[in-house]
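Everything on this sheet refers to the single structure shown next.
The values are calculated or read from the model by the stated rules, or taken from the named source; none is laboratory data. In this text, all values refer to a predicted model and were calculated from it rather than measured experimentally. Cβ atoms come from the backbone with ideal geometry, glycine included; neighbour counts cover every protein chain shown.
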Amino acid sequence: MKKNKNTSPFGYYFTYLDKIDKNVKDSTEFGSMLILSIVEELGEMSRAYLAKHGRKPSNIAAQEDEAYERELGDILVSILRLARIKKIDLNDALMYSLKKIEKRKSEPKR
């Protein structure tokens, strides 16, 4: 059953993004741009996290430039944008992944 984007848990965000991406969402390059955006934002979040909690605590520039909490928001927005233009039901995708994790816990590989 195809769900209306406005009734999904992500409907508010999709409607908001419809306004932002109005002139680009149908371009053939937009999906590729979003994939690159996800990779870039993941790198920025990783750098900020590691600067604060990990292997590079002396990287003051990363700590000042980016907060990993905000970068995580950027990653989520890029994922939402990609799911929206590719018509991926994120609720179904998340539930699939959650059930997969749950199954691994209850039925570990031997």
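In the stretch 14-40, the residues that are at negative phi form Cβ pairs under 7 Å with partners that are aromatic (Phe, Trp, Tyr), at six or more places apart or across chains, as follows: Val24/Phe30.
Taken over the stretch 1-16, the criterion of being at pLDDT 70 or above and either touching a Gly at 6+ places or on another chain (Cβ under 6 Å) or not hydrophobic (A, V, I, L, M, F, W, C) (or both) is satisfied by Ser8, Pro9, Gly11, Tyr12, Tyr13, Thr15, Tyr16. In this structure, Lys19 qualifies as within 22 Å of Ile85 (Cβ to Cβ), more than 13 Å from the chain's Cα centre (by Cα), at pLDDT 90 or above and not aromatic (Phe, Trp, Tyr). Contact map, the stretch 79-108: first residue in contact (Cβ under 8 Å) with a residue 24 or more places away in the chain, second residue among the β-branched types (Val, Ile, Thr), Cβ cut-off under 9 Å, separation 6 or more or different chains; pairs are Ile79/Ile38; Arg81/Ile20; Leu82/Ile35; Leu82/Ile38; Leu82/Ile88; Leu90/Ile79.
For the stretch 4-51, the tally of residues that are in contact with a Ser or Thr (Cβ under 7 Å, 6 or more places away or on another chain) and farther than 22 Å from Leu72 by Cβ stands at 1.
Quickly run through the stretch 13-45 and pick out the residues that are among the hydroxyl-bearing types (Ser, Thr, Tyr) and surrounded by fewer than 15 Cβ atoms within 10 Å (Cβ to Cβ). Listed by number, the residues that qualify are Thr15, Tyr16, Ser27, Thr28, Ser32.
So that you can scan it fast, the table gives a plain yes or no per residue for (1) in contact with a helix residue (DSSP H, G or I) (Cβ under 9 Å, 6 or more places away or on another chain); (2) within 17 Å of Phe14 (Cα to Cα); (3) at pLDDT below 85:
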| residue | (1), (2), (3) |
| --- | --- |
| Thr28 | no, no, yes |
| Ser37 | yes, no, no |
| Leu42 | yes, no, no |
| Ser46 | yes, no, no |
| Arg55 | no, no, yes |
| Ala61 | yes, no, yes |
| Lys99 | no, no, no |
| Glu102 | no, no, no |
| Ser106 | no, no, no |
